[in-house]
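Working notes, structure below.
Quick note: the coordinates plus some simple rules give every number you see, no bench work behind them. Computed from a predicted model, the values in this text were never measured in an experiment. Glycine gets a Cβ as well: all are built from the backbone with ideal geometry, and neighbour counts include every protein chain shown.
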Amino acid sequence: MGPTGCIKAIRLCVLTASRAGVDPREALAVAGVDPAQLEDPTARVPHDTVVRAWTRVPELARDPAFGLHAAELLVGQLFDVVDFVTAQCATVREAIGCVLRYQRLIHDASDVRLSVDGARARVTQRFSSAVAPPQLSSFIVGLWVLRARALTGLSFTPHRITLAHPAPAERGEYDRLLAAPLAFGADENAILFDAAFLDAPTLRSDPALGAVLRRHADELLARLPAEPSVRGALERHLLEALGRGVPDVADAARALGMSARTLQRRLGDEDESYKGVLDEARRKLAIAHMRERGRTISEVAFLLGFSEVSAFSRAFRRWTGHSPAAYRRSA
């Protein structure tokens, strides 16, 4: 199964459209969502459904700032378990930590990160193995900024905001709601701000209630399928692709639905590298092929993408401690 998101992403999309005069039944129809799905608050929908909803429904609403208006609508409400948890956090840093911890409850392909470099902090978001429509990107960034102001009661003004979609024809609502320097067409959604703001206290934290809500969120998180390993997905692809040649990192990333940069970063998160996974895939195929009596050593070398048998022989000895010929005799 591919990446999925919580049904509440669809519910918010439909609710925002209804405020613009769109019949909810029509919005659900263009999104391809059965109204009965909305009845289960923990239901998951494929990422393709999320993309379709956040592309087609804003078109129905004829609102070029649909995503920002969805964020504006949501910021005064607690819409999701992650909203309830973050509302009870004592500081902005703690609230961001909860978003990082429970992000999979919202969408399991959304990669949110916090980095601090001296006096500057940066929160970034990208979809690690999927694309996002512009209105969804603007909703995510808009919610970050508006929620930070609502949680603290401060006039939070980021130094810079980047959005992973082209600049809109009309920027008025972006300037009004975000009130910060903007850059469009970036690799990721991001906000850059003073690191001191991380320690800003929130207005209404309740540690006891927060502990109860976090336990509930942990239970929901435990029910999700295990997070897929990028290393495993890459190795499966390489095992299937090596017979047609050795794919480079860009080709492999494209086959996995992500950029080369994202693939390398996610492999790094798993303490892996493209070169290491490729080497292991070659080792497994080499051993399998060497057990096939009908294949010559030169054929096996060719199938694994080695230009010379001598290079394959050196690699095979490194993998097994034996030359290909000795290994075949013992096997």
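Data overview
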read-out	value
Integer Hz, Karplus 6.51/-1.76/1.60 couplings in order for the range 277-285, x for Gly and Pro	5, 4, 4, 5, 5, 4, 4, 4, 5
Gain on full stretching of the segment that runs from LEU78 to THR296 - 0.36 nm per residue minus C-alpha separation	72.0 nm
Built amide H within the under 5 Å cut-off of PHE127, gap 5+	ASP111
Calculated FRET efficiency for the pair ARG19/LEU203, C-beta based, R₀ 30 Å, to 0.05	0.70
Value of relative contact order over the chain, rounded to a whole percent, pairs C-alpha under 8 Å and six or more apart	15 percent
Among ALA196, ALA148, ALA90: highest mean-square fluctuation, GNM of the chain, C-alpha pairs under 10 Å	ALA196
Under 11 Å, Cβ to Cβ, from GLU292 - net charge with Lys/Arg +1 and Asp/Glu -1	+3
Cβ-based net charge around ILE191, under 9 Å, with every Lys or Arg adding one and every Asp or Glu removing one	+2
Per-residue ³J(HN,Hα) for the range 238-248, Karplus 6.51 cos²θ - 1.76 cosθ + 1.60, θ = phi - 60°, Hz, x for Gly and Pro	5, 4, 7, 8, 4, x, 9, x, 8, x, 7
Average Cα contact separation per residue, the range 240-331, under 8 Å, 6 or more apart, as relative contact order %	26 percent
Sequence-distant residues sharing a close amide H with ARG160 (under 5 Å, placed H)	LEU192
Backbone HN-Hα couplings from phi across the range 79-90 [Karplus 6.51/-1.76/1.60, Hz, Gly and Pro as x]	9, 9, 4, 5, 4, 5, 5, 5, 5, 9, 6, 7
Principal-axis tilt of helix 92-106 within the chain, Cα atoms, nearest 10 degrees	60 degrees
For Cα Rg over 2.2 N^0.38 Å, calculated from these coordinates, the label among (i) 1.22; (ii) 1.27; (iii) 0.99	(i)
Net length gained if the chain between ALA36 and SER155 were fully extended (0.36 nm per residue, minus Cα distance)	38.8 nm
Projected-area mean, the range 63-141, by convex hull of Cα positions, square nanometres	6.0 nm²
Sites excluded, trypsin sites (Lys or Arg not before Pro) in DSSP loops with at most 12 other C-beta within 10 Å, longest stretch of the chain	63-203
Low-density loop cleavage sites - GluC sites (Glu not before Pro) in the range 204-299, where at most 15 other Cβ are within 10 Å (DSSP)	GLU270, GLU292
Stretch gain in nm, segment ALA222-ARG265, where the contour uses 0.36 nm per residue and the Cα spacing is subtracted	13.0 nm
Net +/- balance of residues flanking SER273 in space, Cβ distance below 10 Å, scoring K and R +1, D and E -1	-2
